[in-house]
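No value in this document is a laboratory result; all are computed from the given coordinates. If you're wondering where the values come from, they're calculated on a predicted model, not measured in any experiment. Ideal geometry is used to build each Cβ from the backbone, glycine not excepted, and the neighbour counts take in all protein chains shown.
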Amino acid sequence: MAGAGGLFAVYKPAGVAWCRVREAVETRLLRELNAAPRRAPRQQIRFLPTPAPAPAPAPSGGGALELVPTRVPVLADHPLVQGPRFRRLKIGAGHRLDVKASGVFVLGIGHGNKLLTDLYNCHLTKVYTVGGLFGKATDDFSDTGKLIEKTTFDHITREKLERILAVIQGTNHKALLMYSNIDMKTQEAYELAVKGLIRPMDKSPPIITAIRCLQFALPEFQLEIHCLHETQQYLRKVVHEIGLELKSSAVCTQVRRTRDGVFTLDDALPRTQWDLRSIQDAIRNCRLKVETEIEKTLGHGDNSPVHQLDVQMAHGADS
């Protein structure tokens, strides 16, 4: 798609599968691209029979014909013959959201599909707003699942909740360092930490890098969770486990992604803006920060900061 290759984000609503969102974007773009004015059909010279000029009509009433060169359009260029110019667009999906979740959903068009792979290899943090409700448990940890039990929750306070969150963050911080294979005593590791580049550069279990309470009004509460390699179902399970740690139970009422790497809610196009012009503008507006993040994290092979740290740590182990 000319002029629109790259990455952009849309807002995926809850209750809609991510693949349906991608299909809706593709359908809208195809409709607009195929409705755009086409170039004029090519012209060709054909010899068409034309009545020859005569001083007077023939007695029989017929007239002589002659072949006259005439410029006519090439029928093969007619829209009814050619059909739609665009039948399919290659639109790739970034980190997916399940049906119940909502929020920032990144898509790529054209060479944006390669950028999706590069961003995936950057292992960037994602941020979620997660809602919870104390007092009941379900089979799938969500408020719409099959009810398993009801519990009391009057004994829960915000202070008790925040103590549990601190424990969760501490445990996950140890896992972050372990899966990042980083010795925090080195100067290079400190510099990576300052730049926010400490993260697993390979596959790892879900890791929560930060978690805090945004709202607390029994029985409801709302958390902000920064994480890596998560699924939305994992976040619902975290809410369930928080309820158990507080001698109660809890279900998840909402999972909303507010950031996916460099893309935020401000970048996410609502459904009313899934049109060609808005998407082209979004790609242009996000191009610089996408390229900057990829360069900062992945660099140029051996020059990337993560690779340099790996080499230095390997030398330290050999000495």
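With a cut-off of 20 Å on the backbone N, the residues of region 249-269 near the modelled label site 7 Å out from ASP140 along Cα-Cβ are 250-257. Stretching CYS19 away from ARG271 to a fully extended chain increases their span by 89.3 nm, per 0.36 nm per residue minus the current alpha-carbon distance. Under a Cβ-Cβ cut-off of 12 Å, what is the net charge of the residues other than THR264 that fall near it, where Lys and Arg count +1 and Asp and Glu count -1? It works out to a net charge of +1. Rounded to the nearest 20 debye, the dipole magnitude of region 125-260 is 80 debye, with +1 charges on Lys and Arg beta carbons, -1 on Asp and Glu beta carbons, and the Cα centre as origin.
For the residue pairs LYS150/LYS247; LYS126/LYS247; LYS126/LYS237; LYS90/LYS126; LYS126/LYS160; LYS90/LYS296, the C-alpha atoms sit more than 19 angstrom apart in LYS126/LYS247; LYS90/LYS126; LYS126/LYS160; LYS90/LYS296.
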